[in-house]
Amino acid sequence: MSVSAPVIIRLLASSVSVASRAGKIVRDVMSKGELGIVEKGKDDYQTEADRSAERCIIDSLSRQYPKARIIGEEDSSPNENEVSPEWIVLDADKEVLGLECPASLKGVKEEDIVVWVDPLDGTSEYTQGALMLKRDPWERWKMYLSHPFISMKWYLSLLQSNFGFLEHVTVLIGISVNDKPVGGVIHQPYFKNQAGSEVKMGRTIWGLSEAGVGGFTPAPPPESIIITTTRSHSNPVVEKALQVMNAAQILRVGGAGYKLLEGKASVYVFASPGCKKWDTCAPEAVLSAAGGKLTDILGNFYKYGANEPKPNKTGVLAAVNDELHSYALNRIPQDLKDALANK
Ligand SMILES: Nc1ncnc2c1ncn2[C@@H]1O[C@H](COP(=O)(O)O)[C@@H](OP(=O)(O)O)[C@H]1O
Ligand SMILES: [Mg+2]
């Protein structure tokens with residue numbers, strides 16, 4: 001790799017490469033069918049794919065950027081014995097390496113960087129996708145019984161979903177400097193690239209502050225207001241904030257990363273604690289590089305320094321441009337903002 005490129009460019013290029021490898025781990029664990037689900041907290045689960053993909057990303061990046069602070073959702077400590085050599089990725093994406101570094105980022109030093117890693121965003125959708133991959137109804141029913149967190153209502157909605165929820169899964173690597181997300185990578189392991197009769201799995205999107213985005217073409221916002229929000233973590237306050245938006249449509253999809261990519265919505269509203277810094281760092285970087293804005297429900301930016309609290313206690317409000325962000329912010333009732341702020 002060119003050592004002459006500024007560190008922020010090299011790190012973003014390395015993150016693009018390692019995110020694809022982590023995406024393959026996510027698919028491989030699913031193919032084996034042994035998810036190793038662990039309940040971390042209420043409505044919060046971890047699988048073998050989360051753990052292995054995180055080790056792949058953190059070990060690969062920390063070997064190359066030892067002075068950067070790298071924080072992962074699964075909080076697993078580096079242990080050389082656990083890491084398969086095949087998981088270590090030391091190459092870097094050539095397109096990103098060739099980018100002109102914005103003047104404001106040229107002087108960034110490795111020790112100024114904090115990286116937020118969500119190895120598998122949309123874990124609920126991933127585990128539910130596993131259930132649906134069981135084609136034998138009896139096998140599926142047995143697996144459902146071993147997933148105590150999936151209600152019968154969800155099970156029936158899954159049966160009608162045409163197995164689509166795996167597309168909501170993403171791998172997120174967010175790069176922050178001085179508290180701000182400046183670079184982001186969102187990899188979709190289950191995105192289908194159709195080339196003739198051949199289907200190749202996986203797509204990687206990146207964004208860099210003042211440089212733009214790559215890996216996809218952002219669609220112009222729809223004429224009417226289309227909102228996206230959580231599929232699996234709603235509550236009455238989340239619903240109230242959606243009702244006041246006067247939206248033509250509400251799309252309920254999984255994962256913070258996918259909400260910014262599914263392409264149809266222009267605003268993401270989530271008036272609840274629950275998302276963490278690793279959920280929003282990469283999406284915020286990509287969104288702002290594309291001209292959008294992500295804040296909490298009160299309109300304040302989150303800070304991404306290493307010592308900042310991990311939970312995004314005051315929710316998420318994101319939009320593809322400033323005008324739509326202001327529209328949504330002004331519609332949220334003050335009492336709801338106050339209630340979240342004082343929680
Ligand atoms: N009430 C809650 N409890 C736990 N995690 C929550 C949550 N609300 C949101 N999240 C986390 O925020 C991310 C986006 O949530 P959602 O899919 O509901 O929109 C998910 O990340 P993970 O899938 O990486 O855990 C999810 O777990
Ligand atoms: Mg997440």
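The values are calculated or read from the model by the stated rules, or taken from the named source; none is laboratory data. Model, not experiment: these values are computed from the prediction. Every residue, glycine among them, receives a Cβ derived from its backbone with ideal geometry; neighbour counts consider all protein chains shown. For the accessible areas, the whole protein counts, side chains as well, though only heavy atoms, and no ligand, DNA or RNA atoms are used. Shrake-Rupley method; radii C 1.70, N 1.55, O 1.52, S 1.80 Å.
May I ask you to list the residues in the range 28-40 that are away from ligand 2 (no atom under 16 Å from the Cβ) and touching a residue at least 40 places away in the same chain (Cβ under 8 Å)?
Matches in the range 28-40: Met30, Gly33, Leu35.
Would you be able to say whether some residue in the range 49-66 is open to solvent by 60 Å² or more (accessible area, probe 1.4 Å), among the charged types (D, E, K, R), modelled with pLDDT of 90 or more and within 20 Å of Ser124 (Cβ to Cβ)? Talk me through it step by step, then tell me what you get.
Here is the first cut: in the range 49-66, the residues open to solvent by 60 Å² or more (accessible area, probe 1.4 Å) are 51, 63, 66.
With among the charged types (D, E, K, R) added as a condition, the list becomes 51, 63.
Narrowing further to those that are modelled with pLDDT of 90 or more: 51, 63.
Cutting the leftovers down to within 20 Å of Ser124 (Cβ to Cβ) gives us 51.
Yes: the range 49-66 contains one or more residues that are open to solvent by 60 Å² or more (accessible area, probe 1.4 Å), among the charged types (D, E, K, R), modelled with pLDDT of 90 or more and within 20 Å of Ser124 (Cβ to Cβ).
What do you reckon, is Asp43 charged (D, E, K, R), out of contact with any Cys (no Cβ under 6 Å at 6 or more places or on another chain) and more than 16 Å from ligand 2 (Cβ to nearest atom)?
So Asp43 fails the test.
Which one of Val237, Val199, Val244 is under 27 Å from Lys337 (Cα atoms) and open to solvent by 60 Å² or more (accessible area, probe 1.4 Å)?
Val237
When residues of the range 273-283 are filtered for being open to solvent by 10 Å² or more (accessible area, probe 1.4 Å) and under 15 Å from the mean Cα position of the chain (by Cα), how many remain?
The first filter runs over the range 273-283 and keeps only residues open to solvent by 10 Å² or more (accessible area, probe 1.4 Å), leaving 273-276, 278-279.
So of that shortlist, the ones also under 15 Å from the mean Cα position of the chain (by Cα) come out as 274-276, 278-279.
Residues flagged as open to solvent by 10 Å² or more (accessible area, probe 1.4 Å) and under 15 Å from the mean Cα position of the chain (by Cα) within the range 273-283 amount to 5.
Is it fair to say Phe270 is crowded, with 24+ Cβ neighbours inside 10 Å, among the aromatic types (Phe, Trp, Tyr) and under 16 Å from Leu340 (Cα atoms)? Talk me through it step by step, then tell me what you get.
On the way: crowded, with 24+ Cβ neighbours inside 10 Å: yes; among the aromatic types (Phe, Trp, Tyr): yes; under 16 Å from Leu340 (Cα atoms): yes.
For Phe270, the condition - crowded, with 24+ Cβ neighbours inside 10 Å, among the aromatic types (Phe, Trp, Tyr) and under 16 Å from Leu340 (Cα atoms) - is met.
Find the residue count for the range 256-283, including only residues that are under 23 Å from Val244 (Cα atoms) and part of a loop (DSSP other than H, G, I, E, B).
Number satisfying all stated conditions: 11.
How about the range 164-217: which strands (runs of 3 or more DSSP E) wholly inside it have at least 2 residues that are over 14 Å from Val115 (Cβ atoms)?
Because the criterion is at least 2 residues that are over 14 Å from Val115 (Cβ atoms), the strands (runs of 3 or more DSSP E) in the range 164-217 that meet it are 180-195, 198-208, 212-214.
When you check Val16 against the structure, is it surrounded by 22 or more Cβ atoms within 10 Å (Cβ to Cβ), away from ligand 2 (no atom under 16 Å from the Cβ) and at pLDDT 85 or above, yes or no?
yes
Matching residues to (1) modelled with pLDDT under 65; (2) of a type in the set (Val, Ile, Thr); (3) touching a Cys at 6+ places or on another chain (Cβ under 7 Å); (4) open to solvent by less than 80 Å² (accessible area, probe 1.4 Å):
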| residue | (1), (2), (3), (4) |
| --- | --- |
| Val115 | no, yes, no, yes |
| Leu120 | no, no, no, yes |
| Gln128 | no, no, no, yes |
| Trp138 | no, no, no, no |
| Trp154 | yes, no, no, yes |
| Ser157 | yes, no, no, yes |
| Gln160 | yes, no, no, no |
| Val171 | no, yes, no, yes |
| Ser176 | no, no, yes, yes |
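Within the range 30-38, can one find any residue that is touching an Asp or Glu at 6+ places or on another chain (Cβ under 7 Å) and at pLDDT 90 or above?
Scanning the range 30-38 turns up no residue that is touching an Asp or Glu at 6+ places or on another chain (Cβ under 7 Å) and at pLDDT 90 or above.
Which of the residues belonging to the range 258-288 are β-branched (Val, Ile, Thr) and within 12 Å of ligand 1 (Cβ to nearest atom)?
Correct list: Val269, Thr280.
Tally the residues that are surrounded by 11 or more Cβ atoms within 10 Å (Cβ to Cβ) and in a loop (DSSP other than H, G, I, E, B), restricting the search to the range 220-234.
8
Here is a yes/no grid of residues against (1) at pLDDT 95 or above; (2) buried (at least 18 other Cβ atoms within 10 Å of the Cβ); (3) at positive phi; (4) part of a helix (DSSP H, G or I):
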residue: Leu294; (1), (2), (3), (4): yes, yes, no, no
residue: Ile297; (1), (2), (3), (4): yes, yes, no, no
residue: Tyr304; (1), (2), (3), (4): yes, yes, no, no
residue: Glu308; (1), (2), (3), (4): yes, no, no, no
residue: Ala318; (1), (2), (3), (4): yes, yes, no, no
residue: Glu323; (1), (2), (3), (4): yes, no, no, yes
residue: Ser326; (1), (2), (3), (4): yes, no, no, yes
residue: Asp338; (1), (2), (3), (4): yes, no, no, yes
residue: Lys343; (1), (2), (3), (4): no, no, no, no
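Looking at the range 181-188, is at least one residue open to solvent by less than 60 Å² (accessible area, probe 1.4 Å), within 16 Å of ligand 2 (Cβ to nearest atom) and in contact with a Cys (Cβ under 6 Å, 6 or more places away or on another chain)?
yes
Determine if the range 199-213 includes at least one residue that is more than 16 Å from ligand 2 (Cβ to nearest atom), of a type in the set (Phe, Trp, Tyr) and at pLDDT 95 or above.
Checked the range 199-213: at least one residue is more than 16 Å from ligand 2 (Cβ to nearest atom), of a type in the set (Phe, Trp, Tyr) and at pLDDT 95 or above.
Going through the range 115-130 one residue at a time, which ones are within 11 Å of ligand 2 (Cβ to nearest atom) and outside any helix (DSSP H, G or I)?
Of the range 115-130, the ones within 11 Å of ligand 2 (Cβ to nearest atom) are 116-126.
Passing the criteria: Trp116, Val117, Asp118, Pro119, Leu120, Asp121, Gly122.
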